[in-house]
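Written out below as structure tokens is the structure these notes cover.
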Amino acid sequence: MRIWKLGFAVLLCAAFLLGIGSGEQARTERISGSAGDVLDDDPVGRLKVFVYELPSKYNKKILQKDPRCLNHMFAAEIYMHRFLLSSPVRTLNPEEADWFYTPVYTTCDLTPNGLPLPFKSPRMMRSAIQLISSNWPYWNRTEGADHFFVVPHDFGACFHYQEEKAIERGILPLLQRATLVQTFGQQNHVCLKEGSITVPPYAPPQKMQTHLIPEKTPRSIFVYFRGLFYDVGNDPEGGYYARGARAAVWENFKDNPLFDISTEHPTTYYEDMQRAVFCLCPLGWAPWSPRLVEAVIFGCIPVIIADDIVLPFADAIPWEEIGVFVAEEDVPNLDTILTSIPPELILRKQRLLANPSMKQAMLFPQPAEAGDAFHQVLNGLARKLPHGPGVYFKPGEKILNWTAGPVGDLKPW
């Protein structure tokens, strides 16, 4: 049975790799229906954003201390700030603003290995909110319901990289009414509040651009993945990291010739993705990772292994049409699932992935470009307008509890 499946898979690969190698990959297909229309929306003229001017200790000085923050996967908070400062949607008159933005770089506290430490983030965010509520009247009239914050931590405004601790903490109480722009997205999870805007993690556009290879290069790799399968340091007993899904990939397919998988990260990583048909995008500690962005940019069909994940800009990007979703419990059947997909369906997914609008929506380029991730965030905010009557409070009316949350979060920052 195994030999038959392998032979079938090889024939299947050959059937469509020949087409791609002869230029099939260069063809594109427009995203049909409302999704494509939303993706091409222009937010300019549909909303106005007021950017609070905070002391530099909340943003610029933090970045000066550690410039690595500009290149890590959480950098959207920095680039969103820079974008808004020069965006045509910015207004200097807060009285005419639809939305208010507080530029706080809560992920720019890195370990020597470059991983963000979220432990100071709640106090930093509380401090910023106390500042704007004391110096401007706009927070107090809505308690943040017309404010948005970029919180690109592993589990958003729960501010912890381990899920159990994040769930225990919950979303910072002062952000309960605000709109959160975050990379974390999982259905029915305490760290994803209703109305949040899920965005892609940051991936460096210029770096990826320099690794592009000719479009007609055949995709000779069937399944590709580079990354951890186990996290021995943080999960020594195994089974908790990635809920065991990555371990299952390794145990079942490490010797399968259709699977090019390894913990090694070669210098040809980006080129290899462009030579692959399928790129695995499994959950890690959180359900999301930059692999999703990289797969879309390089036209590699993302195989999403993360139950209940909420994907970036899901109202604009037809993830079901461009990707393959595999339940975590079905990972042992991954080879059968992927080799069973008809070649014509694979080619259609590749044509959709080749659409420039699809790629553009996943990036935070410098400078900004029409249809990019910045504009998709603004589109999401514009679609929430006008604010409902329940947003604005009567004088003296309050809902938020400023003393709620862990005792450590209440200490001055």
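The values are calculated or read from the model by the stated rules, or taken from the named source; none is laboratory data. None of the values given here were measured: they were computed from a predicted structure. In this analysis, Cβ positions are derived from the backbone assuming ideal geometry, glycine residues included, and neighbour counts consider all displayed protein chains. Heavy atoms of the whole protein, side chains included, go into the accessibility calculation; ligands, DNA and RNA do not. Shrake-Rupley method; radii C 1.70, N 1.55, O 1.52, S 1.80 Å.
For this structure, a couple of remarks:
- Taking segment 206-222 as the range and being in contact with a Phe, Trp or Tyr (Cβ under 8 Å, 6 or more places away or on another chain) and closer than 17 Å to residue 347 by Cβ as the test, only 222 passes.
- Test: residue in segment 118-136 that is assigned to a loop (DSSP other than H, G, I, E, B), surrounded by fewer than 21 Cβ atoms within 10 Å (Cβ to Cβ) and touching a Leu at 6+ places or on another chain (Cβ under 8 Å): no
- Of all the residues in segment 313-323, those that are in a loop (DSSP other than H, G, I, E, B) and either open to solvent by 10 Å² or more (accessible area, probe 1.4 Å) or of a type in the set (D, E, K, R) (or both) number 4.
- The residue of segment 324-356 that is surrounded by the fewest Cβ atoms within 10 Å (Cβ to Cβ), among those that are under 26 Å from the mean Cα position of the chain (by Cα) and among the small types (Gly, Ala, Ser), is 327.
- Residues in segment 229-282 that are small (Gly, Ala, Ser) and assigned to a strand (DSSP E or B): 262, 276.
- All of 197, 167 fail the test of being within 30 Å of residue 269 (Cβ to Cβ) and assigned by the TED database to the domain that holds residue 69, apart from 197.
- Criterion applied to 369, 397 was being more than 26 Å from residue 75 (Cβ to Cβ), free of Cβ contacts under 8 Å to residues at least 60 places away in the same chain and out of contact with any Phe, Trp or Tyr (no Cβ under 9 Å at 6 or more places or on another chain), and the one residue passing it is 397.
- Only one entry in 84, 63, 92 is part of a loop (DSSP other than H, G, I, E, B) and either open to solvent by less than 70 Å² (accessible area, probe 1.4 Å) or out of contact with any Cys (no Cβ under 8 Å at 6 or more places or on another chain) (or both), namely 92.
- Where residue 112 falls short, out of the listed (1) part of a loop (DSSP other than H, G, I, E, B); (2) open to solvent by less than 60 Å² (accessible area, probe 1.4 Å); (3) farther than 27 Å from residue 370 by Cα: (2)
- Within segment 374-393, residues that are over 18 Å from residue 87 (Cα atoms) sit with their Cβ atoms under 7 Å from residues that are assigned to a helix (DSSP H, G or I) and of a type outside the set (Lys, Arg), at 6+ positions apart or across chains, in these pairs: 391/142; 392/142; 393/142.
- When restricted to residues that are under 21 Å from the mean Cα position of the chain (by Cα), touching a residue at least 12 places away in the same chain (Cβ under 8 Å) and not in a helix (DSSP H, G or I), segment 187-226 contains 20.
- Picking from residues in segment 66-81 that are open to solvent by 10 Å² or more (accessible area, probe 1.4 Å) and in a helix (DSSP H, G or I), the one that is nearest to residue 146 (Cα to Cα) is 81.
- The residues listed here are 341, 322, 304; of these, the one that is β-branched (Val, Ile, Thr) and touching a residue at least 24 places away in the same chain (Cβ under 8 Å) is 322.
- Residue check for residue 132: under 21 Å from the mean Cα position of the chain (by Cα) and over 21 Å from residue 202 (Cβ atoms): no
Residues are listed down the side, and each one gets a yes or a no for (1) within 24 Å of residue 149 (Cα to Cα); (2) out of contact with any Cys (no Cβ under 6 Å at 6 or more places or on another chain); (3) modelled with pLDDT under 95:
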{"residue": "341", "(1), (2), (3)": "no, yes, no"}
{"residue": "344", "(1), (2), (3)": "no, yes, no"}
{"residue": "358", "(1), (2), (3)": "no, yes, yes"}
{"residue": "380", "(1), (2), (3)": "yes, yes, no"}
{"residue": "386", "(1), (2), (3)": "yes, yes, no"}
{"residue": "389", "(1), (2), (3)": "yes, yes, yes"}
{"residue": "395", "(1), (2), (3)": "no, yes, yes"}
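- When segment 227-265 is limited to residues that are touching a residue at least 40 places away in the same chain (Cβ under 8 Å) and within 22 Å of the chain's Cα centre (by Cα), the one that is surrounded by the most Cβ atoms within 10 Å (Cβ to Cβ) turns out to be 242.
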